[in-house]
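> For reference, the structure I am asking about is given below.
Bear in mind that the values in this text are calculations on the coordinates, not laboratory data. None of these values were measured; they are calculated from a predicted model. Cβ placement follows ideal geometry from the backbone for every residue including glycine, while neighbour counts extend to all protein chains displayed.
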Amino acid sequence: MADRWGNSRVDSRGSGADGGEQAPGADLHLELAGPGSKRDRLMRALREAISSGRLAPGTRLPPYRSLARDLGIAPNTVGAAYGELVAEGWLTARQGSGTRVARRGTPLPRQRPHHTAAPPRRPAYDLLPTSPDAAAFPRADWLAATRRALAAAPHDAFGVGDPRGRPELRAQLAEYLARARGVRTAPHRIIVVAGVAQALSLLGTVLRGPVAVESYGLEFHRSLLAAGGRDLVPLGVDAHGADIAALPATGAGAVLLTPAHQFPTGGPLHAERRAAVIDWARTTGGLVLEDDYDGEFRYDREPIGALQGLDPDRVVYLGSVSKSLSPALRLGWMAVPDHLADALTAAKGTRELWVGSVSQLTFAEFLAAGAYDRHLRRTRRVYRRRRDQLVATLAAHAPHLTVSGIAAGLHAVLDLPPGTEPQTLRAAARLGLAVNGLSPYRHPGSPVPARDGLVLGYGTPPEHAFAGALEALCLALPPGPAPGPAPGPGPGVAGERGA
Ligand SMILES: Cc1ncc(COP(=O)(O)O)c(C=O)c1O
């Protein structure tokens, strides 16, 4: 059906007799604009719809009388336009099968794809630390939660969204984060965001003064803070996490940390440093931004609770489902001190523009039903097994190299002999293995010397490709020293299991 502006619904299934009720079909926007007679304008609109692909070859057009009625023009005009387009080869008309878009020889060439070169080949194996195993996404449980969430959703869930997030999700998150991560918060202190990345963008605009960042971290997280006007000061990191003793001298008013599992080097922030950073925040009025991106994954003992639990007024806690479920959901949260809640909400705007209410309600239901806990328990077992397999494989094939950061998370770091990172990455690429070196994570002004190494995302490959990825990794590594008469070094696993 058409409105008076020329939006016509074309029955692409080919039914609909003149004068009768038209069967539902594809919506077609016909713009009868521009110069010329009505017939000319209709012909132009149909040619445009065909050449752009909006009307596919074989599509049956509505009978000319109904299109005429829909467009508010004379049936003869539509009949004449159809006739001319048949003559030009755009349309075909056959007794009994109506008027259709011509199947062969579409008169105008279709838009060419932008790239004529072959698309880059995907690597056969992937150990990038970007994602959990995408094949492990709990589709059935997520679908069931979506059904229940939709059935129970109030009508207002389909109206304009509150920028703080759906109340159902904020209540579930407050309960879950307290129970599982030791976060001290309440629903009114939770702000739903499209991942940690959005939280950092908002913080970049709301905070004042420089922000200290770990000298190894995600470059794009640093640039999100910088885009908000923040100057960044790098803080050294070692096996015990960020060098908190150096923090007061930076003059920063806030510090971004990954306390549970330093990203990417892998050390948990040492207990003394956890206490020291809270002391710093209390005495200076500073703020800690705690990125708890993979805090649920701890393998050899209970997870370390969130730093936020030590002082909820001085820590902004950040998390998301990107490591636990999928980075494609774009679903995350902040647990914020009271004094920042209004400013951070205002920075998001007056309405929710990023996170859809259906995925928020689904995740709330997923949490409430215990499906998130079950999924985490299941995947923790899988990733722990992979972690063990990675460590055992490296101990057997590369005992001269040290692997660290293995107590938690979905990635580990393999240190390489100085200067060998580029050649190892080239060898990996030749073997079809996508893997990152340590260097791109290093802040250019880092006070600690550069390390050569690989960041091994062992959560990423699908289960069937994991063994192949390890094999390719071992082949890409630089060889160890030639065996001599003395016994060689034992497996080089940094002793951090109990860290
Ligand atoms: C250090 C770090 N922080 C946070 C995240 C999550 O970011 P987001 O929630 O924006 O996907 C990741 C990746 O998953 C990460 O590696």
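> Report, in debye and to the nearest 20, how large the dipole of the stretch 183-276 comes out about its Cα centre when Lys and Arg carry +1 and Asp and Glu carry -1 on their Cβ. Show your work: numbers first, answer last.
Working: 7 positive and 6 negative charges, 79 e Å.
Its charge dipole is roughly 380 debye.
> Could you list the residues of the stretch 466-481 with an amide nitrogen less than 16 Å from a label point located 7 Å from the Cα of ARG426 in the Cα-to-C-beta direction?
Those under the cut-off are 476-479.
> A further question follows. Calculate the spin-label point distance for ARG122 paired with VAL86, positioning each point 7 Å from the Cα along the beta-carbon direction, and give it in nanometres.
Roughly 4.7 nm, to one decimal.
> Right, another one. Using the alpha-carbon centroid of each, what span in Å lies between the stretch 381-421 and the stretch 227-251?
Result: 27 Å between the Cα centres.
> Only counting other Cβ atoms within 10 Å, I'd like ARG69, ARG384, ARG139, ARG170 sorted with the fewest neighbours first. Write out the running numbers ahead of the final one.
Values: ARG69 19, ARG384 15, ARG139 9, ARG170 24.
Neighbour counts put them in this order, fewest first: ARG139, ARG384, ARG69, ARG170.
> If a paramagnetic tag sat 7 Å from the Cα of VAL448 along the Cα-Cβ line, which residues of the stretch 273-288 would have the backbone N under 15 Å from that point?
273-274
> Rounded if a/c is under 1.5, else prolate if a/b beats b/c, else oblate: with a ≥ b ≥ c from the C-alpha gyration tensor eigenvalues square-rooted, which is the chain?
Numbers: a/c = 2.57, a/b = 1.80, b/c = 1.43.
Since a/c reaches 1.5 and a/b is larger than b/c, the shape of the chain is classed as prolate.
> Strictly greater than 20 Å: what percent of every Cα pair in the stretch 358-443 meets that? Could you put the intermediate results ahead of the total?
Numbers: 1942 of 3655 pairs.
Value for the stretch 358-443 (Cα pairs over 20 Å): 53 percent.
> Expected output is a single nm value to one decimal: the length gained when fully extending between LEU376 and ALA227, i.e. 0.36 nm times separation in residues minus the C-alpha distance. What is it? Let's see the in-between values first.
On the way: separation 149, 0.36 × 149 = 53.64 nm, distance 3.40 nm.
Contour length minus the Cα-Cα distance gives 50.2 nm.
> Another question, if that's okay. Stretched out fully, how many nm does the piece from SER439 to SER51 gain, at 0.36 nm a residue minus the Cα gap?
Values: separation 388, 0.36 × 388 = 139.68 nm, distance 4.90 nm.
Separation in residues times 0.36 nm, less the Cα-Cα distance, equals 134.8 nm.
> Mind giving me the FRET efficiency for VAL160 and THR205? R0 is 30 Å, r the Cβ-Cβ distance, nearest 0.05 is fine. Mind dumping the intermediate values first?
Numbers: r = 22 Å, r/R0 = 0.74.
Efficiency, from the Cβ-Cβ distance: 0.85.
> Okay, moving on. Take the Cα coordinates of the stretch 140-286, assign each an equal point scatterer, and use the Debye formula without solvent to give log10 I(q)/I(0) at q = 0.11, 0.12, 0.18 Å⁻¹.
-0.55, -0.64, -1.16
> So if we plug the beta-carbon distance of ALA33 and ALA74 into 1/(1 + (r/R0)^6) with R0 = 22 Å, what FRET efficiency do we get, rounded to 0.05? Mind showing how you got there, number by number?
On the way: r = 18 Å, r/R0 = 0.84.
E between ALA33 and ALA74, to the nearest 0.05, is 0.75.
> As a footprinting exposure proxy, order ARG230, ARG351 by other Cβ within 10 Å, with the fewest listed first. Kindly include the intermediate steps, with their values, before the conclusion.
Details: ARG230 24, ARG351 10.
Listing ARG230, ARG351 from fewest to most nearby Cβ atoms yields ARG351, ARG230.
> Could you tell me whether the stretch 223-276 comes out rounded, prolate or oblate from its Cα gyration tensor? Rule is a ≥ b ≥ c as square roots of the eigenvalues, rounded for a/c under 1.5, then prolate if a/b exceeds b/c, otherwise oblate. Write down the numbers at each step before the final one.
Details: a/c = 2.36, a/b = 1.47, b/c = 1.60.
In terms of gyration-tensor shape, oblate.
> For every helix of n ≥ 4 consecutive DSSP H residues, a contribution of -39,500 (n - 2.57) applies; sum these over the chain, divide by its total residues, and give [θ] at 222 nm rounded to the nearest 500 deg cm²/dmol.
Details: 14 runs with 174 residues, N = 499.
When only DSSP H runs of four or more count, the value is -11000 deg cm²/dmol.
> Taking the Cα centre of the chain as origin and charging only Cβ (+1 Lys, Arg; -1 Asp, Glu), how large is the dipole, in debye to the nearest 20?
Working: 57 positive and 46 negative charges, 353 e Å.
Dipole of the chain, to the nearest 20 debye: 1700 debye.
> Averaging sequence separations of C-alpha pairs under 8 Å and six or more residues apart, then dividing by the length of the stretch 319-374, give the relative contact order as a whole percent.
Numbers: 23 pairs, mean separation 12.7, N = 56.
Rounded, it is 23 percent for the stretch 319-374.
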